[in-house]
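The values are calculated or read from the model by the stated rules, or taken from the named source; none is laboratory data. Since the model is a prediction, treat every value here as computed from it, not as a measurement. Quick reminder, even Gly has a Cβ in these numbers, built from the backbone with ideal geometry, and neighbours come from all protein chains shown. Side chains are part of the model used for accessible areas, which takes the heavy atoms of the whole protein and leaves out ligands, DNA and RNA. Shrake-Rupley method; radii C 1.70, N 1.55, O 1.52, S 1.80 Å.
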Amino acid sequence: MSTAVGMKSVMLAQVLLLLWVSTAWAEVLVQPDFDAKKFSGLWFVVSMVSDCKVFLGKKDHLLMPTMAVTAAAEGNLSVHQQFPGADGCNQVDAEYVRVGSQGHFRVPALGYLDVRIVDTDYSSFAVVYIYKELEGVLSTMVQLYSRTQEASPQALKAFQDFYLTVGLPHDMMVMLPKSDACSSGDKEAR
């Protein structure tokens, strides 16, 4: 009897694994007719969700970063990122290199293998999918960008609806608190 129960448990685990893998690898589409010029400007990263172990270990201590985005040649984006932290404001400049369709990028400098702008209205929010490698481990992240430090209920719903489709659960999500650590820095898109 215990062997039959054990076999059922193993089969159930295998089915659940297959369902998870098929969800995690579902095709992630980009924003139709993505316009890099409209996407340019200042964005606040108000929320993030990820299965990255480093992120999960630090998520309760993260503060709201900013992204100053500028449309570049060949559909690329130049991005100036400011990350507030205990040691002040950390800054990173990165080139989002277009691959394939507009709104689809990779960012070699950050280990981002696949970045997709999946949903945006350009004026208030954007949902950004990132598949990355950090310390030799692959992970998925979804970020919610907002033009202000407060995301609208519609933006939060679009974010939540999307991250669930790529297999990320609610308990891996964090709403990022505001910080003035980077307020003296350049807030305009470059």
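Brief remarks follow.
- Single match in GLU150, GLU135 (criterion: in contact (Cβ under 8 Å) with a residue 24 or more places away in the chain and farther than 21 Å from PRO84 by Cα): GLU135
- Residue within the range 129-137 that is farther than 26 Å from LEU156 by Cβ, of a type in the set (Asp, Glu) and assigned to a strand (DSSP E or B) present: yes
- Listed by first and then second residue, the pairs linking a residue in the range 172-190 that is at pLDDT below 85 to a residue that is of a type in the set (Ser, Thr, Tyr), with Cβ atoms under 6 Å apart and 6 or more places separating them unless they lie on different chains, are ALA189/SER40; ALA189/THR70; ARG190/THR70.
- Residue in the range 154-162 that is in contact (Cβ under 8 Å) with a residue 24 or more places away in the chain and not in a helix (DSSP H, G or I) present: no
- Candidate set: the range 115-132, residues that are without any contact (Cβ under 8 Å) to a residue 40 or more places away in the chain, open to solvent by 10 Å² or more (accessible area, probe 1.4 Å) and closer than 15 Å to PHE44 by Cα; chosen: the one nearest to the chain's Cα centre (by Cα): PHE125
- Qualifying residue in the range 149-156 (condition: surrounded by fewer than 21 Cβ atoms within 10 Å (Cβ to Cβ), hydroxyl-bearing (Ser, Thr, Tyr) and modelled with pLDDT under 95): no
- Each residue in the range 63-108 was checked for being in a loop (DSSP other than H, G, I, E, B), closer than 17 Å to TYR131 by Cβ and more than 16 Å from the chain's Cα centre (by Cα), and 3 pass.
- Members of the range 3-59 found to be under 20 Å from TYR131 (Cα atoms), modelled with pLDDT under 95 and hydroxyl-bearing (Ser, Thr, Tyr), listed by number: SER22, THR23
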